[in-house]
Amino acid sequence: MDPKDLIKEHLAKTNLMQLATSVGDQPWACTVHYYSDENFNLYWMSTPDRNHSQQIEQNPNTAVAIMVHEDSPRRNT
């Protein structure tokens with residue numbers, strides 16, 4: 001399967017991502033709802049007073065993590 005098709009399939013399974021920002025060596029991570037388009041752009045809405053919005057304004061370098069749970073973890077009993 002084409003890697004782009006795999007990515008599209010993965011992005012369609014969830015709409016939550018972890019967003020990581022940093023200003024002055026102070027990292028910040030939060031969960032946001034996102035949407036993606038056919039060009040793999042990720043979009044989310046947030047108010048300007050949120051910590052991550054303020055940090056992105058000061059430092060646009062960010063990281064995101066998107067995880068899809070295919071299976072529930074199994075416990076050994």
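The values are calculated or read from the model by the stated rules, or taken from the named source; none is laboratory data. Being a predicted model, the structure only gives us computed values, none of them experimental. In this analysis, Cβ positions are derived from the backbone assuming ideal geometry, glycine residues included, and neighbour counts consider all displayed protein chains. Surface accessibility is based on the protein's heavy atoms, side chains included, excluding ligands, DNA and RNA. Shrake-Rupley method; radii C 1.70, N 1.55, O 1.52, S 1.80 Å.
A few comments on the model shown:
- For Asn39: the one exception among (1) of a type in the set (S, T, N, Q); (2) loosely packed, with under 13 Cβ neighbours inside 10 Å; (3) at pLDDT 95 or above: (3)
- Of all residues making up segment 7-29, the number that are open to solvent by less than 70 Å² (accessible area, probe 1.4 Å), at pLDDT below 95 and farther than 16 Å from Val68 by Cβ: 1
- Hits in segment 1-26 - residues which are out of contact with any helix residue (DSSP H, G or I) (no Cβ under 9 Å at 6 or more places or on another chain), closer than 19 Å to Ser53 by Cα and without any contact (Cβ under 8 Å) to a residue 40 or more places away in the chain: Asn15, Asp25
- Some residue of segment 63-70 being under 13 Å from the mean Cα position of the chain (by Cα), open to solvent by 50 Å² or more (accessible area, probe 1.4 Å) and small (Gly, Ala, Ser): yes
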